[in-house]
């Protein structure tokens with residue numbers, strides 16, 4: 001196992017392989033430790049659905065953090081270690097390839113400024129625990145990083161911390177034929193995150209109704225990250241003197257529906 005610690009300024013993509021519940025107009029009602037009722041979501045364009053989608057899940061808030069059963073097992077191992085250091089796990093992914101990788105995004109509790117040293121501290125604490133538990137049988141690289149500025153939003157409460165900032169979300173199930181939406185976060189409550197869309201309508205959805213949610217990198221977001229102490233150190237212009245900067249425009253385009261690069 002090789003360990004890599006880094007501080008990121010952009011987030012990796014997040015995709016959920018299977019939807020968990022249909023959108024519903026029923027209010028959030030947690031009646032037991034395992035039964036959850038999907039929260040109210042406003043249907044854009046006058047959707048008429050009014051039934052509660054009921055599903056079972058042992059730990060609803062973890063669904064965006066770890067997607068697969070293997071990732072959830074690893075999350076169970078890593079969470080106590082992170083909490084003992086005052087850290088929280090934002091996202092955990094097992095990556096395939098010729099050399100598998102275990103990527104863990106982390107931050108200090110409550111979203112406090114998180115440094116590369118914090119990541120290294122967690123990495124050192126996790127390494128012997130993973131060696132003993134052996135959650136990935138083959139050799140792999142452990143990478144512990146901060147979420148970055150245009151970070152993924154994976155937990156209840158994440159949206160409330162970034163009110164007024166732009167976000168892109170992808171729903172687990174289509175709403176009026178759409179899954180992808182962009183807009184501004186206006187709030188978060190028990191009904192879910194409130195997003196004012198670009199067409200001035202409002203979308204209300206809980207994190208469990210999403211397969212992807214990331215902040216959009218804007219000047220306002222950078223200023224907010226700087227003010228909160230979460231902006232990674234930036235080099236001075238003088239430090240870039242020896243580098244040749246490529247200012248050509250990127251003509252690469254992405255198909256919004258398929259995600260293919262053209």
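Bear in mind these aren't lab numbers, they're just calculated from the coordinates by the rules spelled out. Remember, predicted model here, so these are calculated numbers, not experimental data.
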By the gyration tensor of its Cα atoms, with a ≥ b ≥ c the square roots of the eigenvalues, what is the shape of the stretch 138-182: rounded for a/c under 1.5, prolate for a/b over b/c, or oblate? oblate
Measuring from the lowest to the highest alpha carbon on each principal axis, how far does the stretch 152-228 reach, largest first, in angstroms? 38, 24, 18
As a Kirkwood estimate from alpha-carbon pairs, the stretch 164-208 has a hydrodynamic radius in angstrom of 10.6
Short to long, in 10 Å steps from zero, the percent of alpha-carbon pairs of the stretch 67-216 per bin is 10, 36, 31, 18, 4, 0
